[in-house]
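The values are calculated or read from the model by the stated rules, or taken from the named source; none is laboratory data. Keep in mind it's a predicted model, so treat the numbers as computed, not measured. Positions of Cβ are generated from backbone atoms using ideal geometry, with glycine treated the same way; all protein chains shown enter the neighbour counts. Just the protein is used for accessible areas: all its heavy atoms, side chains included, with ligands, DNA and RNA removed. Shrake-Rupley method; radii C 1.70, N 1.55, O 1.52, S 1.80 Å.
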Amino acid sequence: MAGVKVLIAHVLVVLVSVSLRRQEVSAQVHHVVGGDRGWDPDSDIASWLSGRVFRQGDKIWFTYSAAQESILELQSLEDFLTCDLASPIRMYTDGLNHISLDREGIRYFTSGNMESCKNGLKLHVNVQPPEKNETQSTPTAIATAPTSPSASTKLNVLTYLLFIGLFHCYMV
């Protein structure tokens, strides 16, 4: 009878610790700018942007032809609106760049090609604070590749932990 109580205690400790750990992890969303077309003059960035929420901790990914395009991060709304590319904060030229949204606030990205910028190839990102509880709302943008383990992986980990707990109780 004492062994059953110990077993139940261990199972409860494991379940509570797994549950608490799950609540600490916030959902990180990877946004691929422009979707399938990527960062391209023919992309409808405004349409892609519609309804998206960017949160601190998310990442934005730019995919583009490095021979034809580059990405500039600009300092101000005025630089962004007028396509003043003279003094960017950062310049990205690799063709595949990810940028961590590590702080709240507004960030301005535009094409390094003046003509593309004037034709609207630019992105205005308002980074919101991270969600307090991931169950409050569902992320509005999710990349095609999974950003967290699948439910079956979580189930396998939980099963493994329960097995270890049971084994430990049996051996004690």
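Worth a mention:
- Qualifying residue in the stretch 69-76 (condition: part of a loop (DSSP other than H, G, I, E, B), touching a helix residue (DSSP H, G or I) at 6+ places or on another chain (Cβ under 7 Å) and within 17 Å of ASN119 (Cα to Cα)): yes
- Selection within the stretch 66-109 - open to solvent by 50 Å² or more (accessible area, probe 1.4 Å) and under 17 Å from ASP40 (Cα atoms): ALA66, ALA67, GLN68, MET91, THR93, ASP94, LEU96, HIS98
The rows are residues; the columns are (1) open to solvent by 70 Å² or more (accessible area, probe 1.4 Å); (2) at pLDDT 50 or above; (3) under 30 Å from GLY95 (Cα atoms).
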residue	(1), (2), (3)
SER19	no, no, no
ARG22	yes, no, no
SER26	no, yes, yes
HIS30	no, yes, yes
ASP36	yes, yes, yes
LYS59	no, yes, yes
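- So ASN119, is it in contact (Cβ under 8 Å) with a residue 60 or more places away in the chain and under 26 Å from ALA27 (Cα atoms): no
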